[in-house]
Amino acid sequence: MAGESEFAGRVALVTGAASGIGAAAARWLDRQGIGELILIDMDRPGLDALGLGCKVQPIGGDVADPSLWKLFERELPRLDYAVLNAGIASNGDIVDLDIATWRKTMAVNLDGMFLSLRSALRAMKKQGSGSIVMTASVSGVKAAAGTAAYSASKAATIQLAKVAATEAAKYGVRVNAIAPGGVDTGIWDKAEWFAGLVEQHGSRAEALAAMAKDATPLGRFASADEVAAQIGFLLSDAAATITGTCLVSDGGVSL
């Protein structure tokens, strides 16, 4: 059919899909006419609340659980795209950082990324095609005090994407990463200090604007929808010769 999207009738996986960038990526793919979305998140009800029009297979589970991926591989007939986005934030100076926080951050952000990447690559290798985008962070590019565990996990994600790209090219599979800076998502609302900033500036929007003005050369944070569209570009045929790249989308923070 003339004008039909390249995503039409295809199958895509999105992890961490219940909120933020993951939810925005799922909605973007839905708008492109994706045939089926496999969505994974710890927040199973949040997946149902997305209200997508395509066929959806929602899975509530922990991406760091190997048994989840064994089941995934056994039941997956095909996979054309993967947005590997599940992750958690953590903070604390190294001298104060406890091993439990370090291990939890690595379990979700790195073990979970490895397991989801391995399963996606196995599926795509069989069919000889596919495109994967892994969500990293500007924290994996630029050092900032108090982010040791998170930054280390995201730097490792970027390198993992590069290694995967070198291995998967012979199967016709592309692998890229994206490193967002500040993004307007619900993660801010979970921070106690942000509540104080909202009170100080009179609204959530004004609080975010004040943070972005101080933190980024462009003076603004990205919306989740903007990052989702950038992920969509990396997934698409418009990026057909791009692999092993980390797209830094940070408003200039890393300059």
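The values are calculated or read from the model by the stated rules, or taken from the named source; none is laboratory data. All of these numbers come straight from a predicted model, not from anything done at the bench. Note: ideal-geometry Cβ built from the backbone for every residue, glycine included; neighbour counts use all protein chains shown. The accessibility values were calculated without ligands, DNA or RNA, using every heavy atom of the protein model including side chains. Shrake-Rupley method; radii C 1.70, N 1.55, O 1.52, S 1.80 Å.
Worth a mention:
- Residues of region 88-116 satisfying the condition of being of a type in the set (A, V, I, L, M, F, W, C), open to solvent by 10 Å² or more (accessible area, probe 1.4 Å) and modelled with pLDDT of 95 or more: Ile94, Val95, Leu97, Ile99, Ala100, Trp102, Met106, Ala107, Val108, Leu110, Phe114, Leu115
- Unmet requirement for Pro45, which otherwise passes all of (1) out of contact with any helix residue (DSSP H, G or I) (no Cβ under 7 Å at 6 or more places or on another chain); (2) open to solvent by less than 60 Å² (accessible area, probe 1.4 Å); (3) part of a helix (DSSP H, G or I): (2)
- Cross-chain or 6+ apart pairs with Cβ under 6 Å, region 212-228 first and open to solvent by 80 Å² or more (accessible area, probe 1.4 Å), then assigned to a helix (DSSP H, G or I): Arg220/Ala212; Asp225/Ala24
- Checklist (1) in a loop (DSSP other than H, G, I, E, B); (2) farther than 18 Å from Leu115 by Cα applied to Arg78, failing item: (2)
- Note on region 163-220: residues that are under 30 Å from Tyr81 (Cβ atoms) and among the acidic types (Asp, Glu) total 3.
- The single condition among (1) modelled with pLDDT under 95; (2) buried (at least 16 other Cβ atoms within 10 Å of the Cβ) that Ile178 does not meet is (1).
- Among the candidates Ala107, Ala100, the residue that is assigned to a helix (DSSP H, G or I) and without any contact (Cβ under 8 Å) to a residue 40 or more places away in the chain is uniquely Ala100.
- When the criteria are applied in full, Ala164 fails the requirement of being out of contact with any Lys or Arg (no Cβ under 6 Å at 6 or more places or on another chain), part of a helix (DSSP H, G or I) and free of Cβ contacts under 8 Å to residues at least 24 places away in the same chain.
- Members of region 130-150 found to be open to solvent by less than 40 Å² (accessible area, probe 1.4 Å) and within 23 Å of Ala228 (Cβ to Cβ), listed by number: Gly130, Ser131, Ile132, Val133, Met134, Thr135, Ala136, Ser137, Val138, Ser139, Gly140
- Qualifying residue in region 128-142 (condition: outside any strand (DSSP E or B), closer than 19 Å to Ser249 by Cβ, in contact with a Gly (Cβ under 6 Å, 6 or more places away or on another chain) and basic (Lys, Arg)): no
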